[in-house]
Amino acid sequence: MPEHLDFDRFDPTGFEEFCFELMTQVGFVNVDWRKGTDLTTSPSDSGRDIVAQLEVADVDGARRFETWFVDCKHQKKGVPPRELQGLLTWANAERPDVALFMLSGFLSNPSKDNLKTYESQNRPPFRIKYWERSTLERIVDGKDDFLRRFFFDLPRSEGEILEAEQEFFDRVWYERSIMLNHTSKDTPEDIREGMLRARTEIKDRHGAANLGPYSDFDWGMINGKLSALRWMLGDDWDMLDT
């Protein structure tokens with residue numbers, strides 16, 4: 001993952017969508033994005049952009065659901081205290097378990113002081129949390145498949161490279177086994193039977209329609225991709241053994 005996520009590529013609605021998908025990614029259920037309009041902002045969200053539930057377990061094993069109200073703030077500057085009031089007012093009326101601010105940037109120091117004062121003076125029946133940019137980056141660390149849906153310039157993970165290498169190994173081996181079958185008439189029967197079983201497994205994995213026959217151009221591309229993938233995994237260039 002990059003050192004910092006480029007939230008600047010989002011408009012406010014795009015950041016809300018990121019937050020919505022992230023809630024599901026980290027285990028929330030019944031996630032409701034309360035956008036309610038195709039405008040770039042969400043005037044109808046009644047002080048919260050997302051409502052979600054999180055299953056938690058008590059020490060005695062009992063399980064329950066917490067309701068979270070989420071307000072998404074996509075601003076480059078520190079979010080001021082006045083921007084916090086909508087969620088706090090709605091949470092005070094509806095009594096969720098948690099009121100969460102999700103921020104593409106950060107809360108201003110006056111906002112943090114304001115939240116501490118609000119908690120000490122009002123003792124609200126809900127917890128107040130905020131996930132600033134650094135917290136969001138920590139939460140999504142390692143979730144490359146999720147991040148790639150929003151940040152297309154992330155490098156491929158090793159698992160994805162290994163999966164692709166296996167696919168192109170299969171395709172090259174399958175085509176070579178067909179060529180061998182046509183050119184060699186004295187292949188031992190046990191080897192021939194093993195090849196037939198392997199071909200069936202490859203067809204089941206990739207589908208017969210994806211296994212040729214190939215044009216000269218396509219065959220060159222497939223071998224080139226296998227060579228490149230193996231180079232990324234540590235082999236020499238042009239390592240095409242199957």
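The values are calculated or read from the model by the stated rules, or taken from the named source; none is laboratory data. The structure displayed is predicted, hence computed values, not measured ones. We place every Cβ from the backbone using ideal geometry, glycine too, and count neighbours over all the protein chains shown.
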Within the stretch 58-95, the residues that are surrounded by 11 or more Cβ atoms within 10 Å (Cβ to Cβ) and of a type in the set (A, V, I, L, M) are 70, 79, 84, 87, 88, 91
Count, please, the residues in the stretch 103-112 that happen to be in contact with an Asp or Glu (Cβ under 7 Å, 6 or more places away or on another chain) and surrounded by 21 or more Cβ atoms within 10 Å (Cβ to Cβ). 2
Out of everything in the stretch 152-185 that is modelled with pLDDT under 90, basic (Lys, Arg) and over 30 Å from residue 8 (Cβ atoms), what residue ends up being surrounded by the fewest Cβ atoms within 10 Å (Cβ to Cβ)? 185
Just for helices (runs of 4 or more DSSP H) wholly inside the stretch 92-193: which have at least 2 residues that are hydrophobic (A, V, I, L, M, F, W, C)? 133-140, 144-148, 158-183
Somewhere in the stretch 15-38, is a residue at pLDDT below 90 and surrounded by 14 or more Cβ atoms within 10 Å (Cβ to Cβ)? yes
Select from the stretch 186-231 the residues that are under 30 Å from residue 158 (Cβ atoms) and acidic (Asp, Glu) and write down the one among them that is surrounded by the fewest Cβ atoms within 10 Å (Cβ to Cβ). 204
In the stretch 69-79, what residues are outside any strand (DSSP E or B) and modelled with pLDDT of 95 or more? none
